[in-house]
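Worksheet for the structure shown next.
FYI, it's all coordinate maths here, none of it is from the lab. Because the structure is predicted, anything quoted here is derived from the model rather than measured. Reconstructed Cβ throughout: ideal geometry from the backbone, glycine too, with neighbour counts over all protein chains shown.
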Amino acid sequence: MASQVLSRPLVTAKWLSEAVRAGRIGPSLRVLDASWYPPQERNARQEFKERHIPGASFFDIEVCRDQSSPYDFMLPSASHFADYVGRLGVSNSTHVVVYDGDELGTFYAPRAWWMFRVFGHKEVSVLNGGFKNWVKEGHPVTAEVSQPTQAVFKAKLNAGLLKTFEEMIQNVGSLQFQVVDSRPEGRFRGTELDQGLESGHIPGAVNIPFRSFLTESGHEKSIEEIQEIFREKKVDLSKPLAATCRKGVTACHIALAAFLCGKRDVAIYDGSWSEWFHRAPPHYKVSEMKRSKA
């Protein structure tokens, strides 16, 4: 495989289907289904068992997380991540392709993509268009579960791609980096509940809903379109940038979109609004709902 393929943030369904047909899924190329859905709506693991991309393994975001944290999907330790992905047959020399089965095309896959990157793995790509378009285009699916040979993965945290609550609090006053919030506009403005939480945003944050970067078909928009979206919101990709959302998932779409434009250092506020809501002082939670009640 050419080195330029390994540094691609996206791969096409055509490219991956050719790799599947050629029998290249193995120690040098692993495919991971990173789907997650609200339990009352869909069962990601069961759907994986019923059909998935041939040779794929299930990346369980419920398992590969800090289970001691009160917040959803917080990053696991480096040793936990290394052990988990090693059991999926991923080594430091493996090209990893992640996808999910969300009806939007892509939802959770960028989170898995970022998790690999934050633990030092550069050879990771998102399947452009996701499983939805894989099926739509007629590529093969299977119910056969593969058993990858365990590999050794050495993880080293890249703290530059991660923001903590303390760093976000400090930034409200110092404005050392830009902050983009990827949630829907109503949740950002505080006019609708955010999965049971009162909503709002971090002072100084800019709102770019993550769906802005996806076409109607569920593929990533062109680099030119993505650059224009950032320009319209006055986000300068030449300057430091962090992304936030509800629980550190759709924020990774911001990082992926910026990566496509050549900016590879967008940091994710892992706790996002779940943590901010519970820990930040009231005057650090900007909400139109509060103003309307005042």
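At-a-glance table
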item	result
For region 116-128, Karplus couplings with θ = phi - 60° (6.51, -1.76, 1.60), whole Hz, Gly/Pro x	4, 5, 5, 9, x, 9, 8, 8, 9, 9, 9, 6, 5
Among Pro148, Pro110, Pro38: highest mean-square fluctuation, GNM of the chain, C-alpha pairs under 10 Å	Pro38
Sum of side-chain charges, Gly160 neighbourhood, beta-carbon under 13 Å (Lys, Arg +1; Asp, Glu -1)	+3
On Cα atoms only, tilt of 165-174 relative to the major axis of the chain in degrees	50
Spatial separation of Cα centroids for region 77-145 and region 5-56, in angstrom	6
Placed amide H near Ala243: partners under 5 Å, 5+ positions off or other chain	Val180, Ala267, Ile268, Tyr269
Angle between the chain longest axis and helix 251-260 axis [Cα atoms, degrees, rounded to 10]	70
In range of the label at Asn158: residues from region 93-115 whose backbone nitrogen is under 19 Å from the point 7 Å along Cα→Cβ	93-99, 109-115
Kirkwood hydrodynamic radius over Cα pairs of region 61-149, then Stokes diffusion coefficient at 37 °C and 0.692 mPa s, in µm²/s	229
Cα Rg, Dmax (largest Cα-Cα span) when computed across region 41-83, Å	12.7, 35
Relative packing of 45-51, 161-167, 205-211, which averages over residues the other C-beta atoms within 10 Å, highest first	205-211, 161-167, 45-51
24 Å Cα-Cα threshold exceeded, pairs from Lys132/Lys154; Lys163/Lys239; Lys156/Lys247; Lys156/Lys263	Lys132/Lys154
Charge context of Phe58, other residues only, Cβ under 9 angstrom, K/R +1, D/E -1	0
Linear extension gain, Glu224 paired with Thr142, 0.36 nm per residue minus alpha-carbon span	25.9 nm
Residue-averaged 222 nm ellipticity for the chain, from DSSP H runs of 4+ at -39500 (n - 2.57), nearest 500	-9000 deg cm²/dmol
For Val11, distant residues with modelled amide H under 5 Å away	Val126, Leu127, Asn128
Debye, to nearest 20: dipole size of the chain, +1 on Lys, Arg Cβ, -1 on Asp, Glu Cβ	400
Derived scalar couplings ³J(HN,Hα) [region 210-216; Karplus, 6.51 cos²θ - 1.76 cosθ + 1.60; whole Hz; x for Gly, Pro]	4, 5, 4, 8, 9, 6, 4
Sparse-neighbour loop sites [GluC sites (Glu not before Pro); region 86-142; at most 13 other C-beta within 10 Å; DSSP]	Glu103, Glu137
C-alpha long axis of helix 223-232 to longest principal axis of the chain, angle in °	10
Under 5 Å, built H, 5+ apart or other chain: amide partners of Leu32	Ser57, Val97, Val98, Tyr99
For the chain, share of DSSP beta bridges that run antiparallel, in % to the nearest 5	20
Hz values of 3J(HN,Hα) by residue in region 265-282 - Karplus curve (6.51, -1.76, 1.60), Gly and Pro given as x	10, 5, 8, 10, 7, 4, x, 6, 4, 4, 7, 4, 4, 7, 10, 6, x, x
For Kirkwood radius over Cα pairs in Å, calculated from these coordinates, the label among (i) 20.6; (ii) 19.5; (iii) 22.4	(ii)
